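Notes follow once the structure below has been shown.
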């Protein structure tokens, strides 16, 4: 498998085509895929990582826009609370894993142990080095249980990230999305790049990297990649009608 290098995902080419129509079609496809997961009782995890202001939230919003809320859950992951800090770092993620027929979407993930906790010193070197094997075992356990596992990383250049952070500062309804951590993390970009490349290199289950420098192109690319991966893990045969319901319908409607 070719090593992932984020510098290969910085072209930022604009979306070529009718964005609204492409979005409509991929969301329709994703709607069918969710139904297939529900009726065939298939589980899936979609783990999304990326830089601050890379567009993760916009991707998730459009990914789930047409889904039945009873069949999925989005888990926004922040810093662990006091109790969680006293537990094994993976423990809080087990509660978010899907049951039969469900899709769990993680907005940031257990990889925080080898990214922000490593770079900012919240985990010791022994802890974050040990975490690679623990994470691989965690993911392979879900895979062995029949859960479809998708990992997406959204990449943007420093210039694009800075532009979006400035826009958040200037927009009265987006200021809540920015805080001191965004600027502290920005200042250590080289350290984060080292940690990210280690994360890619040491992962057993592969990552899908999305060039996030053009938002529309990134959204279509991300949703398409997710749809293709989800389809591979579920029977896409449409469900047969319930015979009793069909008879009742014919009796009423003719």
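The values are calculated or read from the model by the stated rules, or taken from the named source; none is laboratory data. Source: prediction; values computed, not measured. Cβ coordinates were reconstructed from backbone atoms using ideal geometry, including for glycine residues, and neighbour counts include every protein chain displayed.
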The range 142-191, residues that are crowded, with 18+ Cβ neighbours inside 10 Å and farther than 23 Å from residue 60 by Cα: none
Test set (1) within 21 Å of the chain's Cα centre (by Cα); (2) in contact (Cβ under 8 Å) with a residue 12 or more places away in the chain - residue 168 fails condition number: (1)
Hits in the range 134-165 (condition: more than 28 Å from residue 185 (Cα to Cα), in contact (Cβ under 8 Å) with a residue 24 or more places away in the chain and assigned to a helix (DSSP H, G or I)): 140, 142, 143
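Let's see how each residue does on (1) touching a strand residue (DSSP E or B) at 6+ places or on another chain (Cβ under 9 Å); (2) over 16 Å from residue 106 (Cα atoms):
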site	(1), (2)
21	no, yes
32	no, yes
42	yes, yes
47	yes, no
62	no, no
66	no, yes
71	yes, no
85	no, yes
Test: residue in the range 43-65 that is more than 27 Å from residue 164 (Cα to Cα), in a helix (DSSP H, G or I) and in contact (Cβ under 8 Å) with a residue 12 or more places away in the chain: no
Residue within the range 71-78 that is touching a residue at least 24 places away in the same chain (Cβ under 8 Å), surrounded by fewer than 12 Cβ atoms within 10 Å (Cβ to Cβ) and under 26 Å from residue 139 (Cβ atoms) present: yes
Total residues in the range 200-254, condition surrounded by 11 or more Cβ atoms within 10 Å (Cβ to Cβ), under 26 Å from the mean Cα position of the chain (by Cα) and not in a helix (DSSP H, G or I): 16
Whichever residue in the range 17-42 is touching a residue at least 12 places away in the same chain (Cβ under 8 Å) and closer than 29 Å to residue 168 by Cβ and, among such residues, is surrounded by the fewest Cβ atoms within 10 Å (Cβ to Cβ): 19
Residue within the range 113-136 that is crowded, with 19+ Cβ neighbours inside 10 Å, at pLDDT 95 or above and in contact with a strand residue (DSSP E or B) (Cβ under 9 Å, 6 or more places away or on another chain) present: yes
Some residue of the range 82-100 being under 22 Å from residue 180 (Cα atoms) and buried (at least 18 other Cβ atoms within 10 Å of the Cβ): no
Complete set of residues in the range 107-132 that are within 17 Å of residue 189 (Cβ to Cβ), touching a residue at least 40 places away in the same chain (Cβ under 8 Å) and assigned to a loop (DSSP other than H, G, I, E, B): 114, 115, 120
Filter pass, residue 172 being in a loop (DSSP other than H, G, I, E, B), closer than 30 Å to residue 235 by Cβ and out of contact with any helix residue (DSSP H, G or I) (no Cβ under 8 Å at 6 or more places or on another chain): no
Verdict on residue 103 being touching a residue at least 40 places away in the same chain (Cβ under 8 Å) and in contact with a strand residue (DSSP E or B) (Cβ under 8 Å, 6 or more places away or on another chain): yes
Tally of residues being free of Cβ contacts under 8 Å to residues at least 40 places away in the same chain and touching a strand residue (DSSP E or B) at 6+ places or on another chain (Cβ under 8 Å) across the range 189-244: 1
